[in-house]
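Peer 1: Input: one structure, supplied below.
The values are calculated or read from the model by the stated rules, or taken from the named source; none is laboratory data. Keep in mind it's a predicted model, so treat the numbers as computed, not measured. Please note: Cβ atoms are built from the backbone with ideal geometry, for glycine as well, and neighbour counts cover all protein chains shown. For accessibility, only protein heavy atoms count, side chains too; no ligands or nucleic acids. Shrake-Rupley method; radii C 1.70, N 1.55, O 1.52, S 1.80 Å.
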Amino acid sequence: MDKILIIDDKHAILESLDMFFAEKGYQVYKADTGATGMALFNRHEPDVVILDIRLPDTHGIALLEQIQALEKPAKVIMITAFQDMETTIAAMKLGAYDYIHKPLDVDKVEQAVERALYTLKIDRETPLAAEITQPPNPEVIIGKSDQMRNIFKTIGLLSQNRAPVLIQGETGTGKELIARVIHRNSLFAMEPFVTFDCSAVVETLLESELFGHEKGAFTGAIQSKAGKIELAGNGTLFLDEIGELPLTMQRKFLGFLQRNEYDRVGGKHPLTSRCRIIAATNRNLTEMVNSGLFRQDLFFRLKVVMIHVPLLVDRWTDIPDLVNHFLQKINWELGTDIFSLEKGVIDRLIAHTWPGNVRELENVLVEAVVRARGKVILVDEIENILSSNHPITTTRLKTYSLPHMEKKHIRMTLDRLNWNRSESARVLGISLPTLRNKIRKYGIVPSE
């Protein structure tokens, strides 16, 4: 039988909550002072404490601190008639499970108690994952899918040369991380790795930022400045969002790639550089070339080696490993110890469409760790985060259309069963000819 301790100096609240929860089958203890409450807590070790902020002999926050210091598994729900910001923040900071204002809505209190008890149950039933003793490597690419294995092979081939690389992939897929891993595995890994976001600098300053300038080259140039190419030295220059580079700068940058020489703005003597160029974009450069928005000759210079980074939804088999990696990283950075997941969390994450890709997955897990009220991340919390981050709007309704969801489900089933069509048809509950027709209809192909 679950045990509830109610500590409040208002006898009407004590009696009403006592009757309500007793009728629900809980073992209820009640106290009208902090001292009595702590005595009952130590004697009966309740699962949930409903604790008033204002007590005749102490402050509820001080009592909360005492309870938390005992390191018992009890969950504390604070209640108060005084709605001030500081007390709310202090209570949640000290580990209160919830904070409810008076006059009490008994249904809301019951919901909080049930959630608290469920959290305790999951904490007890879920084996705790091993804690980390050292920071995880921030420059490691996680993935065992065929797409990622092909990328790893390409990185290995690039490690012995300075060939230009063009990385294409949607926002959040990890293009810069791939560039950093290429550099770290190169023969010149000890040289600088310099990033330049082509979309973050106004057009009038692009040339100066990239090539540098001499003192007096323009108004405000009070001293000479090295550009990103010069700062990269014999290392790597990573050009993010290369598709945003204006045509005039595309021509000048092409000249550098052809000759390995460039001029500072206002400079009289050409400078040379042997840095490797890695460019990245989330745009379709082929379409931009056809539309006259990107120089074809520059495109061919950059795409000596091309890496296509898959969407997270297309490498869903990597999600469990990514989750484990991110939890290690997040807990180390935040100083938390929430490494375990309720059964069903991974399935829910796999089912998500992930428009923000790997970056979105990491952000969801950060929020889940911050919001966790126990040692385990719950399915409901993940569901709430995903729902609040991605409300269904008219612009995204096609993502939820029946054909879209059917295609996604069929592809996921085929991938999980290694494209065994007969077994996939059985699992999907359709005939083999029907499955073949749907594969043709939707143009479903095996993941690379």
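Peer 1: For segment 257-269, which residues satisfy the criterion of being in contact (Cβ under 8 Å) with a residue 40 or more places away in the chain and touching a strand residue (DSSP E or B) at 6+ places or on another chain (Cβ under 9 Å)?
Peer 2: If the condition is that a residue be in contact (Cβ under 8 Å) with a residue 40 or more places away in the chain and touching a strand residue (DSSP E or B) at 6+ places or on another chain (Cβ under 9 Å), then Leu257, Tyr262, Asp263, Arg264, Val265, Gly266, Gly267 are the ones that fit.
Peer 1: Suppose the filter is surrounded by 18 or more Cβ atoms within 10 Å (Cβ to Cβ) and over 30 Å from Val345 (Cβ atoms); does Asp57 pass it? If you could, list the steps in order and put the result at the bottom.
Peer 2: On the way: surrounded by 18 or more Cβ atoms within 10 Å (Cβ to Cβ): no; over 30 Å from Val345 (Cβ atoms): yes.
Criteria not met by Asp57.
Peer 1: Testing Trp332 on (1) under 24 Å from Ala179 (Cβ atoms); (2) open to solvent by less than 50 Å² (accessible area, probe 1.4 Å), one condition comes back false. Which one is that?
Peer 2: Of (1) under 24 Å from Ala179 (Cβ atoms); (2) open to solvent by less than 50 Å² (accessible area, probe 1.4 Å), only one is false for Trp332: (2).
Peer 1: If you don't mind, another one. Would you mind stating whether Arg162 is charged (D, E, K, R), in contact with an Asp or Glu (Cβ under 9 Å, 6 or more places away or on another chain), within 21 Å of Asp240 (Cβ to Cβ) and open to solvent by 30 Å² or more (accessible area, probe 1.4 Å)?
Peer 2: On the way: charged (D, E, K, R): yes; in contact with an Asp or Glu (Cβ under 9 Å, 6 or more places away or on another chain): no; within 21 Å of Asp240 (Cβ to Cβ): yes; open to solvent by 30 Å² or more (accessible area, probe 1.4 Å): yes.
No: the conditions fail for Arg162.
Peer 1: Same structure, new question: Given the structure, is Phe218 touching a strand residue (DSSP E or B) at 6+ places or on another chain (Cβ under 9 Å), aromatic (Phe, Trp, Tyr) and closer than 28 Å to Val323 by Cβ? Working first, answer last.
Peer 2: Working: touching a strand residue (DSSP E or B) at 6+ places or on another chain (Cβ under 9 Å): yes; aromatic (Phe, Trp, Tyr): yes; closer than 28 Å to Val323 by Cβ: no.
No: the conditions fail for Phe218.
Peer 1: Restricting attention to segment 285-294, which residues are in contact (Cβ under 8 Å) with a residue 12 or more places away in the chain and either among the aliphatic types (A, V, I, L, M) or open to solvent by 60 Å² or more (accessible area, probe 1.4 Å) (or both)? Write out each step before concluding.
Peer 2: Start the filter on segment 285-294 by keeping residues that are in contact (Cβ under 8 Å) with a residue 12 or more places away in the chain, which leaves 285-286, 288, 293-294.
The answer is Leu285, Thr286, Met288, Leu293.
Peer 1: So in segment 1-35, with the set limited to residues that are part of a loop (DSSP other than H, G, I, E, B) and not hydroxyl-bearing (Ser, Thr, Tyr), which one is least open to solvent (accessible area, probe 1.4 Å)? Steps first, please.
Peer 2: First, pick out the residues of segment 1-35 that are part of a loop (DSSP other than H, G, I, E, B): 1-2, 8-10, 24-26, 32-33.
Checking the rest, the ones that are also not hydroxyl-bearing (Ser, Thr, Tyr) come to 1-2, 8-10, 24-25, 32.
Values: Met1: 157, Asp2: 65, Asp8: 0, Asp9: 49, Lys10: 105, Lys24: 109, Gly25: 42, Asp32: 53 Å².
Residue satisfying both the conditions and the ranking: Asp8.
Peer 1: List, please: which pairs have Cβ atoms under 9 Å, are six or more places apart or on different chains, and start with a residue in segment 348-367 that is under 13 Å from Arg315 (Cβ atoms) and touching a residue at least 60 places away in the same chain (Cβ under 8 Å) and end with one that is open to solvent by 30 Å² or more (accessible area, probe 1.4 Å) and among the charged types (D, E, K, R)?
Peer 2: Within 9 Å, the pairs are Asn357/Glu170.
Peer 1: Out of the residues in segment 1-14 that are without any contact (Cβ under 8 Å) to a residue 24 or more places away in the chain and out of contact with any Lys or Arg (no Cβ under 8 Å at 6 or more places or on another chain), state the one that is nearest to Thr58 (Cα to Cα).
Peer 2: Going through the qualifying residues, I end up with His11.
The rows are residues; the columns are (1) surrounded by 14 or more Cβ atoms within 10 Å (Cβ to Cβ); (2) modelled with pLDDT under 90; (3) under 22 Å from the mean Cα position of the chain (by Cα); (4) under 30 Å from Ala112 (Cα atoms).
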site: Leu361; (1), (2), (3), (4): yes, no, yes, yes
site: Ala372; (1), (2), (3), (4): yes, no, yes, yes
site: Asn389; (1), (2), (3), (4): yes, yes, yes, yes
site: Lys398; (1), (2), (3), (4): no, yes, no, no
site: His404; (1), (2), (3), (4): yes, yes, no, no
site: Glu423; (1), (2), (3), (4): yes, yes, no, no
site: Leu428; (1), (2), (3), (4): yes, yes, no, no
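Peer 1: Looking at this structure, is Asp47 surrounded by 14 or more Cβ atoms within 10 Å (Cβ to Cβ), modelled with pLDDT of 90 or more and either in contact with a helix residue (DSSP H, G or I) (Cβ under 9 Å, 6 or more places away or on another chain) or hydrophobic (A, V, I, L, M, F, W, C) (or both)? Talk me through it step by step, then tell me what you get.
Peer 2: On the way: surrounded by 14 or more Cβ atoms within 10 Å (Cβ to Cβ): yes; modelled with pLDDT of 90 or more: yes; either in contact with a helix residue (DSSP H, G or I) (Cβ under 9 Å, 6 or more places away or on another chain) or hydrophobic (A, V, I, L, M, F, W, C) (or both): yes.
Yes, satisfied.
Peer 1: Looking at the structure I just gave you, is Glu170 among the acidic types (Asp, Glu), open to solvent by 10 Å² or more (accessible area, probe 1.4 Å) and over 12 Å from Ala280 (Cβ atoms)?
Peer 2: On the way: among the acidic types (Asp, Glu): yes; open to solvent by 10 Å² or more (accessible area, probe 1.4 Å): yes; over 12 Å from Ala280 (Cβ atoms): no.
Spelling it out, it is not the case that Glu170 is among the acidic types (Asp, Glu), open to solvent by 10 Å² or more (accessible area, probe 1.4 Å) and over 12 Å from Ala280 (Cβ atoms).
Peer 1: Somewhere in segment 137-156, is a residue under 30 Å from Arg301 (Cβ atoms), outside any loop (DSSP other than H, G, I, E, B), charged (D, E, K, R) and in contact with a Gly (Cβ under 8 Å, 6 or more places away or on another chain)?
Peer 2: Yes, segment 137-156 contains a residue that is under 30 Å from Arg301 (Cβ atoms), outside any loop (DSSP other than H, G, I, E, B), charged (D, E, K, R) and in contact with a Gly (Cβ under 8 Å, 6 or more places away or on another chain).
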